[in-house]
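Trainee: Questions regarding the structure given below will be posed in turn.
The values are calculated or read from the model by the stated rules, or taken from the named source; none is laboratory data. Note that this is a predicted model, so its numbers are computed, not measured. Backbone-built Cβ (ideal geometry, glycine too); neighbour counts: all protein chains shown.
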Amino acid sequence: MGAQLIDGKLISTQIKDELKEKTDKLVAEGKRVPTLAVILVGADPASQVYVRNKKKACEYIGYKSLSYELDEHITQDELLELIDKLNKDEEVDGILVQMPVPKHIDDKAVIEAIDPGKDVDGFHPMNVGALCTGEKGFVSCTPAGIIQLLKRSNVDISGKECVIVGRSNIVGKPMMMLMLRENATVTVTHSRTKDIAEVCKRADILIVAIGKARFVTKDFVKEGAVVIDVGINRNAETGKLCGDVAFDEVSEIASMITPVPGGVGPMTIAMLMNNCFEAYEMHEANR
């Protein structure tokens, strides 16, 4: 039968087009447009690609983007000083420091230095806390993107059994909170879970973010489940990108599945852009 593909490229473009429409309207009314400041420390090639994609998305939607490409030997104090300056700048709506930062810089200190109202990555403890207690705040972009993928693909989440593979602060934990918010029954599995395949087999919605290539095979998946693959790995044999799910075999029994690439990945940037617009609206309302 074969699973229906959940097309992240298509859905992320819909979201960006909706934001572009709102931004065009601001321009037509002679108003300020959202501004995103992106800080890159060092020259990590993968990070450079991510930063380039974020700039492209800003251009496409019509946001103003500020880019700070800093030497990898910059001191932590110098970086925190720049963040402080951007926090105080009323024209800047969102601040993003591309992770990972060089080893001599404490990433926790960097995240906590960003004004929670400008933390469009959703990593500040205040935003994480807001998610836990159901308050308003920014949600990290990948989990927020997965919710949009499900909703815009007409997957009913309420009352469903959801299993998440992986408990990271960036995906697993916020994903659990968001699925609870949508009234799913949630189980989080990880490297210490006993009989992980059996636990996963209960899932109506299986979300996999464990960082191991083709870890989830068809023995993990219930017939007709919706499978979201967050992983991005390079296959050692073919050199091609692959996910944490063995796509070829799982797609035979799942009802819907995200491909890698072109599934969750594009959604992360679309939701970053969405968070940036929300930050802009909040700042304008408080002026």
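Trainee: If I ask for residues that are of a type in the set (A, V, I, L, M) and assigned to a loop (DSSP other than H, G, I, E, B), which ones from region 229-270 would you list?
Mentor: Hits for region 229-270 are VAL230, ILE232, ALA236, ALA246, ILE253, ALA254, VAL260, VAL264.
Trainee: Need the failing condition index for ALA279 against (1) crowded, with 18+ Cβ neighbours inside 10 Å; (2) within 20 Å of ILE205 (Cα to Cα), just the number.
Mentor: Failing condition for ALA279: (2).
Trainee: Now a separate question. Of these, ILE157, ILE146, ILE164, which one is at negative phi, under 12 Å from the mean Cα position of the chain (by Cα) and not hydroxyl-bearing (Ser, Thr, Tyr)?
Mentor: Only one candidate passes the filter, namely ILE146.
Trainee: Oh, and also: Collect the residues in region 179-193 that are of a type in the set (Lys, Arg), outside any helix (DSSP H, G or I) and under 21 Å from the mean Cα position of the chain (by Cα), keeping them in residue-number order.
Mentor: Those that are of a type in the set (Lys, Arg), outside any helix (DSSP H, G or I) and under 21 Å from the mean Cα position of the chain (by Cα): none in region 179-193.
Trainee: Restricting to region 217-254, what's the tally of residues that are among the hydroxyl-bearing types (Ser, Thr, Tyr) and crowded, with 17+ Cβ neighbours inside 10 Å?
Mentor: Within region 217-254, residues that are among the hydroxyl-bearing types (Ser, Thr, Tyr) and crowded, with 17+ Cβ neighbours inside 10 Å number 1.
Trainee: Let me ask another. Consider LEU86 carefully, then state whether it is in contact (Cβ under 8 Å) with a residue 12 or more places away in the chain, assigned by TED's automatic domain parsing to the domain that holds ALA46 and touching a helix residue (DSSP H, G or I) at 6+ places or on another chain (Cβ under 8 Å).
Mentor: Answer is yes for this residue.
Trainee: If I filter region 271-282 for residues that are assigned to a helix (DSSP H, G or I) and closer than 23 Å to LYS160 by Cβ, do I get at least one hit?
Mentor: Yes; the residues of region 271-282 include at least one that is assigned to a helix (DSSP H, G or I) and closer than 23 Å to LYS160 by Cβ.
Trainee: Related question: Looking at region 1-51, which of the residues that are of a type in the set (Lys, Arg) and outside any loop (DSSP other than H, G, I, E, B) is farthest from the chain's Cα centre (by Cα)?
Mentor: Per the stated criteria, the residue is LYS25.
Trainee: Given the condition touching a strand residue (DSSP E or B) at 6+ places or on another chain (Cβ under 7 Å), modelled with pLDDT of 95 or more and part of a strand (DSSP E or B), answer yes or no: does some residue in region 194-203 qualify?
Mentor: Taking every residue of region 194-203 in turn, none turns out to be touching a strand residue (DSSP E or B) at 6+ places or on another chain (Cβ under 7 Å), modelled with pLDDT of 95 or more and part of a strand (DSSP E or B).
Trainee: Moving on. What is the one condition in (1) in contact with a Ser or Thr (Cβ under 6 Å, 6 or more places away or on another chain); (2) polar (S, T, N, Q); (3) part of a loop (DSSP other than H, G, I, E, B) that THR142 does not satisfy?
Mentor: Failed condition: (3).
Trainee: So, of the residues in region 167-216 that are among the small types (Gly, Ala, Ser) and closer than 16 Å to ASP244 by Cα, which turns out to be surrounded by the most Cβ atoms within 10 Å (Cβ to Cβ)?
Mentor: This residue is ALA209.
Trainee: Take the residues in region 255-273 that are among the polar types (S, T, N, Q) and buried (at least 19 other Cβ atoms within 10 Å of the Cβ); name whichever of them is farthest from ASP121 (Cα to Cα).
Mentor: THR258
Trainee: Determine whether region 111-120 contains at least one residue that is charged (D, E, K, R), surrounded by fewer than 17 Cβ atoms within 10 Å (Cβ to Cβ) and without any contact (Cβ under 8 Å) to a residue 24 or more places away in the chain.
Mentor: For region 111-120, residues charged (D, E, K, R), surrounded by fewer than 17 Cβ atoms within 10 Å (Cβ to Cβ) and without any contact (Cβ under 8 Å) to a residue 24 or more places away in the chain: present.
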